[in-house]
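**Q** Here it is, the structure, as structure tokens.
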């Protein structure tokens, strides 16, 4: 079986999270992704987590996660010799994906006019916080910047306090995912027509696409937005309930309410017409909390989950990472994969987000060591001599 993007070559000029996550999607689907790292390497190599909390450029969990299935070559694109290497790669590439501030490639002599003249079928994907145009185009941003500006955070936190941030870097991953999608669409177009194009991927706009529907619905039709609820429940049962060993999540509709009551052994509430709607249950919130909370606190996450399954009530445990790794659903589908890294040894990697039964997703190689594939690419594929490679290294153009 052949991977869906086998035979596609990507020149990867990305750093950080969003851009490398985009190119990882392409690499996982079989594309040959050549990661060109500036001297010193992708800054993600210096971000954790690290085993034993000991920083090391070849032991970054973030870098390993984002750059599996790629090859690494150190190239300084700001130098004439580095530019020449990149243009030779572009000649035989299908796409370039980059994540530098707008105008950076042009300043290096690698703008769209130059690249498309070298390869008219080329797709150039630029992944930036705000896109290539507009008053914010050249500004820097973090996940927090994007999350705040996109309305992700406005409904999070206590109603009388400032908004709070969710965990992780969700907007950067969402931006990277949309950039990969845009690149594949452009590659499909190039295969049909022979025409390349620019893919302008804005992380902010990708984040807004998946912003909470309640927030955007209010914006579309009333110009308002959802107020922060904080810990104050606006429903019963609430979305989170404590149990003996943690928490469970639940979202019980009016139709499921009677089954939920019977599951908890509180039949009298199932038959109370006043409690048949969410509004009625909120009016008697304190009474219901007192009645139901002891049932939850007397049971573990697994016990509540098993009972909920039998009663047709949508309840799930809040899992720790260790529990996710042992989850029988993931095990049954073979989701997590093991891979041998040259420095860390055997590591657990996340698996395919979708299963393609005829054109499989696969882990072909671990994340590369810095400049690991310089000789393979420069000598074996571009035709540089060993003396030229030595000279390039002496100039600091490559590693």
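The values are calculated or read from the model by the stated rules, or taken from the named source; none is laboratory data. All figures in this text were calculated on a predicted structure; none of them were measured in a lab. We place every Cβ from the backbone using ideal geometry, glycine too, and count neighbours over all the protein chains shown.
**Q** Going by the structure shown, is residue 171 within 22 Å of the chain's Cα centre (by Cα), part of a helix (DSSP H, G or I) and within 23 Å of residue 186 (Cα to Cα)? It would help to see each step written out before you state the result.
**A** Values: within 22 Å of the chain's Cα centre (by Cα): yes; part of a helix (DSSP H, G or I): yes; within 23 Å of residue 186 (Cα to Cα): yes.
Criteria met by residue 171.
**Q** Still on this structure, please answer the following. Let me confirm something: among 317, 294, which residue is surrounded by fewer than 17 Cβ atoms within 10 Å (Cβ to Cβ), more than 30 Å from residue 364 (Cα to Cα) and either outside the structural domain of residue 50 (by TED's automatic domain parsing) or in contact with a strand residue (DSSP E or B) (Cβ under 6 Å, 6 or more places away or on another chain) (or both)? Give the steps one after another, and end with the answer.
**A** Values: 317 fails: surrounded by fewer than 17 Cβ atoms within 10 Å (Cβ to Cβ).
Just one listed residue meets the conditions, 294.
**Q** Continuing with this model, one more query. If residue 380 passes every condition in (1) surrounded by 13 or more Cβ atoms within 10 Å (Cβ to Cβ); (2) free of Cβ contacts under 8 Å to residues at least 12 places away in the same chain but one, which one does it miss?
**A** (1)
**Q** Let me ask another. Give me the pairs, please: first residue somewhere in region 203-217 and surrounded by fewer than 15 Cβ atoms within 10 Å (Cβ to Cβ), second residue anywhere and modelled with pLDDT under 70, beta-carbon distance under 8 Å, and either six or more positions apart or on two chains.
**A** Qualifying pairs under 8 Å: 214/155; 214/226.
**Q** Let me ask you something else. Return a yes/no flag: does region 93-105 have any residue that is crowded, with 23+ Cβ neighbours inside 10 Å and part of a helix (DSSP H, G or I).
**A** no
**Q** Go through (1) part of a helix (DSSP H, G or I); (2) touching a residue at least 12 places away in the same chain (Cβ under 8 Å); (3) surrounded by fewer than 13 Cβ atoms within 10 Å (Cβ to Cβ) one by one and return the number of the condition residue 332 breaks.
**A** (2)
**Q** Also: Kindly establish whether residue 312 is surrounded by 14 or more Cβ atoms within 10 Å (Cβ to Cβ) and touching a residue at least 40 places away in the same chain (Cβ under 8 Å). Break it down stepwise before answering.
**A** On the way: surrounded by 14 or more Cβ atoms within 10 Å (Cβ to Cβ): no; touching a residue at least 40 places away in the same chain (Cβ under 8 Å): yes.
In short, no.
**Q** Turning to a different aspect of this structure: Could you check, for region 132-154, whether at least one of its residues is without any contact (Cβ under 8 Å) to a residue 60 or more places away in the chain, under 23 Å from residue 36 (Cβ atoms), out of contact with any helix residue (DSSP H, G or I) (no Cβ under 8 Å at 6 or more places or on another chain) and not in a helix (DSSP H, G or I)?
**A** There is at least one residue in region 132-154 that is without any contact (Cβ under 8 Å) to a residue 60 or more places away in the chain, under 23 Å from residue 36 (Cβ atoms), out of contact with any helix residue (DSSP H, G or I) (no Cβ under 8 Å at 6 or more places or on another chain) and not in a helix (DSSP H, G or I).
**Q** Tally time: how many residues in region 29-43 are surrounded by fewer than 24 Cβ atoms within 10 Å (Cβ to Cβ) and either outside the structural domain of residue 79 (by TED's automatic domain parsing) or outside any strand (DSSP E or B) (or both)?
**A** 7
**Q** Still on this structure: Being part of a helix (DSSP H, G or I) and over 15 Å from residue 245 (Cα atoms) is the filter here, so list the residues in region 283-305 that pass it.
**A** 283, 285, 286, 287, 288, 289, 290, 291, 292
**Q** Taking region 240-256 only, how many residues are out of contact with any helix residue (DSSP H, G or I) (no Cβ under 7 Å at 6 or more places or on another chain), outside any strand (DSSP E or B) and surrounded by 14 or more Cβ atoms within 10 Å (Cβ to Cβ)?
**A** Total satisfying the criteria: 1.
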